[in-house]
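Computed from the coordinates by the stated procedures, all read-outs in this text should not be read as laboratory data. Since this is a predicted model, take the numbers as computed values, not measurements. With ideal geometry, Cβ positions are generated from the backbone for all residues, glycine too; neighbour counts draw on all protein chains shown.
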There are 2 protein chains.
Amino acid sequence: MKMAKTASNLKYIPFESFKIGQKQSFGSYEVTEHEIIEFANKYDAQFFHLDHEAAKDSLFGGLCASGWHTCAMTMSMMVENMDLHGRSLGSPGIDSLRWLRPVYPGDILSVHMEVLDTVPSKSRPNIGVVTNKVSVSNHKGVVVMEFTSKGIFRRAEGGLGLAG
Amino acid sequence: MKMAKTASNLKYIPFESFKIGQKQSFGSYEVTEHEIIEFANKYDAQFFHLDHEAAKDSLFGGLCASGWHTCAMTMSMMVENMDLHGRSLGSPGIDSLRWLRPVYPGDILSVHMEVLDTVPSKSRPNIGVVTNKVSVSNHKGVVVMEFTSKGIFRRAEGGLGLAG
């Protein structure tokens, strides 16, 4: 059980601190067969995510993680990074999500992000939207998943009130 | 623990059975506070997914599910539907994923899908790609999440071999 930070003790990154082209890499998530099967049992009960032997007959050649599980593991690394460096106010969504390669037990995943765009909100002067390209690689350096992510960030002078 | 279907006893939907404009609705997933917190503890440990009281101070006004958890619950309904009606060979990815409204404990989610496009593969004559618009609604009829999903399907005469 992780400690839940509350609204009052969180550190936010101001919108103004993001520059187009900025890059960062972080995370080291070891994928286990146990966790692949546990996630699949709850949310994605397809044989290639559940059964080591049967998965050999699948397109993937062996047991591999649900694509949504890879998203969840990636989010876990992103939240750890936010705990260190500060956070957004939330995300309206994701574009161009591609599961490029299977994620297997024993893979160690890491995240690479690059700022693609920064747009101040016209209707809400105290927030802005940052678009990031997110790439997730395994320990062999192979990119297994990519997406672009939009994050809502506080303007430096804005405060949290979103009215207006 | 659900029974894992194996490669040999699965039912596949042939690519040719999809027509642009076809719609289907399915699923009834009751969202619980317990499951929201359990998922968040593992994958998205932000206070508005973890702590009922603290979440009142968030943009969402109360404890709500991780967006990735909503994706996972949606996949669970999609796999149940595939178990009834047949399945794809997998998905290369997702576009235009939008978390439109918070998902709260007590919400009952359902899935609505519409076929947007069907494209036979040029390089692999035994498969085709179907693009679906996926909308997830709560029990009040409010759309909480939308995305478009690509699925790879067998051609009727294709078989499973993907070489060629």
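Some points to look at:
- Averaged over the residues of A:85-92, the number of partner chain Cβ atoms lying within 10 Å of the residue Cβ comes to 3.
- Peptides B:132-141, B:63-72, A:116-125 ordered by packing proxy, namely the average of other Cβ atoms within 10 Å per residue, highest first: B:63-72, B:132-141, A:116-125.
- In degrees, nearest ten, helix B:67-85 long axis to first principal axis of chain B (Cα): 40
- Using a 7 Å Cα-to-Cβ projection, residue A:86 label spacings across copies, nm, ascending: 5.4
- Simple spin-label estimate for residue A:41 and residue A:155 gives 5.0 nm between the two label positions (7 Å along the Cα-to-Cβ direction from each Cα).
- Label-point distances for residue B:38 to the equivalent site in the other copies, using a point 7 angstrom along Cα→C-beta, read 1.1 nm when ranked shortest first.
- For B:46-54, mean number of other protein chain Cβ atoms within 10 Å: 5
- Other copies of residue A:16: label-to-label distances in nm, shortest first, labels 7 Å along the beta-carbon direction: 6.4
- Student exercise, region B:1-119 dipole from Lys, Arg, Asp, Glu Cβ charges, in Debye to nearest 20: 500
- Only helical runs count toward this figure. For chain A, summing -39,500 (n - 2.57) over DSSP H runs of n ≥ 4 and dividing by all residues gives -6000 deg cm²/dmol at 222 nm.
- Shielding score for A:67-76, defined as the mean number of other chain Cβ atoms within 10 Å: 6
- Relative contact order (%) - criterion: Cα under 8 Å, at least six apart; region: chain B: 28
- Maximal additional length on extending the residue A:17-residue A:114 stretch stands at 33.6 nm, based on 0.36 nm per residue less the C-alpha distance.
- In the distance distribution for chain A, Cα-Cα pairs more than 27 Å apart total 34 percent.
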